[in-house]
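The values are calculated or read from the model by the stated rules, or taken from the named source; none is laboratory data. Here the structure is a predicted model, which is why all the values come from computation and not from measurement. No Cβ is skipped: glycine too gets one built from the backbone with ideal geometry, and neighbour counts run over all protein chains shown.
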């Protein structure tokens, strides 16, 4: 019986119980596989997705474009660029490194959880693709509650699994309902709960779990860019820098946790800051047709209008510079005072005098910084900057243009990929 042929009960709580029952049974067959066989299948699935002519990716581009507010061109570029950066062999190597204590030990065994619930968050496909596969590598079947903004990725992932292994596909189920639904409590009975969401969501879930359950939480995170004093010494270099940052901003309309919210300008003079704002505005305008911005909600439109009005007032007073494009907004601020981030191609440039000043500006965000793209620093300055960012809890430091395309094995929220979802058993 295919997924489309399954007759679901009318009651959502009962649907959850039925799905749990199916994956628990299917999990026995998955655990009967060797680890090498599970890794082989996942590698094949990922290869199917990362090939340039992947039919699964083509289908997701079409389906996701119809369901989401993103423009199809932006969805295509976002998926293509992200999946080009995913190397299936890198995930396998990462798994082998993390599982080395078991593989090299005569007394340790992997004890997979009977089932894992994945509570997807956000509205982008990439996290769903990866989080749906990781527990299966460990032999734990997955019940994935779809994110409210993405009701298509998990279904296509399941069919791509079935094309390589019916056994693995039966151990993966998806379901969709609001967190307020009474059925949500049944999901939280899982031995292992993986959740992505706001800090408030994570706290709410945590308060409902027992100490004996494993909870792998990915809370609120955001990313930034940092431009140092040497980045714009030559006009061509400066233009390439802002073009790369413009791509980071335009991808997924600046709505993911890897999207830069702010660009900090370290040690640049006022004229260079103004030139950079002009360059960036033009670079975003150049992407207007290649990567059109998607539909904006009424709330986002209101937020944009309010922040643009505020920026105009500051510009009239000589303390800000506003550059408005066809579907983008660049605001050069006079300092690094925290201000609202409307996103959707609304970017603030915030000048700071030095790396010490940058440290002070970023201190309130410790633990919430995800990825950082930096450029324009000497070797000694980069060393100091990287130490600073490490203290603030940054998970990845990269170059402009690469914020939205991390490798598949990057340590999301500073954690290993598989270890948080693993359980070990020692035999004396």
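Here are the numbers:
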{"quantity": "Qualifying residue in region 332-340 (condition: touching a residue at least 60 places away in the same chain (Cβ under 8 Å), surrounded by 16 or more Cβ atoms within 10 Å (Cβ to Cβ) and under 20 Å from residue 228 (Cβ atoms))", "calculated": "yes"}
{"quantity": "Whichever residue in region 231-269 is modelled with pLDDT of 95 or more, in a helix (DSSP H, G or I) and out of contact with any helix residue (DSSP H, G or I) (no Cβ under 6 Å at 6 or more places or on another chain) and, among such residues, is surrounded by the most Cβ atoms within 10 Å (Cβ to Cβ)", "calculated": "249"}
{"quantity": "Filter result for residue 126 (closer than 22 Å to residue 418 by Cβ and either free of Cβ contacts under 8 Å to residues at least 12 places away in the same chain or over 22 Å from the mean Cα position of the chain (by Cα) (or both))", "calculated": "no"}
{"quantity": "Number of positions in region 180-208 that are touching a strand residue (DSSP E or B) at 6+ places or on another chain (Cβ under 6 Å), touching a residue at least 24 places away in the same chain (Cβ under 8 Å) and within 19 Å of residue 220 (Cα to Cα)", "calculated": "5"}
{"quantity": "Candidates 285, 289 - the one that is free of Cβ contacts under 8 Å to residues at least 60 places away in the same chain, exposed (fewer than 12 other Cβ atoms within 10 Å of the Cβ) and closer than 24 Å to residue 77 by Cβ", "calculated": "289"}
{"quantity": "Sole residue being in contact with a strand residue (DSSP E or B) (Cβ under 6 Å, 6 or more places away or on another chain) and at negative phi, chosen from 160, 111", "calculated": "111"}
{"quantity": "Some residue of region 399-407 being over 14 Å from the mean Cα position of the chain (by Cα), surrounded by 18 or more Cβ atoms within 10 Å (Cβ to Cβ), touching a residue at least 12 places away in the same chain (Cβ under 8 Å) and over 27 Å from residue 364 (Cβ atoms)", "calculated": "yes"}
{"quantity": "Scope region 383-424; condition out of contact with any helix residue (DSSP H, G or I) (no Cβ under 9 Å at 6 or more places or on another chain) and more than 28 Å from residue 117 (Cα to Cα); matching residues", "calculated": "383, 386, 387, 390, 398"}
{"quantity": "Selection within region 315-331 - under 19 Å from residue 265 (Cα atoms), touching a residue at least 12 places away in the same chain (Cβ under 8 Å) and outside any strand (DSSP E or B)", "calculated": "319, 320"}
{"quantity": "Residue within region 389-397 that is in contact with a strand residue (DSSP E or B) (Cβ under 9 Å, 6 or more places away or on another chain) and assigned to a strand (DSSP E or B) present", "calculated": "yes"}
{"quantity": "Matching option when the condition is within 25 Å of residue 294 (Cα to Cα) and within 13 Å of the chain's Cα centre (by Cα), among 219, 256", "calculated": "256"}
{"quantity": "Top-ranked residue in region 152-197 [being in a loop (DSSP other than H, G, I, E, B) and closer than 12 Å to residue 119 by Cα; ranked as modelled with the highest pLDDT]", "calculated": "190"}
{"quantity": "The one condition in (1) assigned to a helix (DSSP H, G or I); (2) under 22 Å from the mean Cα position of the chain (by Cα); (3) farther than 17 Å from residue 403 by Cβ that residue 278 fails to fulfil", "calculated": "(2)"}
{"quantity": "Test result for residue 75, more than 28 Å from residue 213 (Cβ to Cβ) and touching a residue at least 12 places away in the same chain (Cβ under 8 Å)", "calculated": "yes"}
{"quantity": "Where a residue in region 363-385 is outside the structural domain of residue 233 (by TED's automatic domain parsing) and in contact (Cβ under 8 Å) with a residue 40 or more places away in the chain and its partner, wherever it lies, is surrounded by fewer than 19 Cβ atoms within 10 Å (Cβ to Cβ) and not in a loop (DSSP other than H, G, I, E, B), with Cβ under 9 Å and at least six apart", "calculated": "none"}
{"quantity": "Answer residue from region 31-48, given it is at pLDDT below 95 and under 14 Å from residue 94 (Cα atoms) and is surrounded by the most Cβ atoms within 10 Å (Cβ to Cβ) among those", "calculated": "35"}
{"quantity": "Test set (1) under 18 Å from residue 248 (Cβ atoms); (2) touching a strand residue (DSSP E or B) at 6+ places or on another chain (Cβ under 8 Å) - residue 423 fails condition number", "calculated": "(1)"}
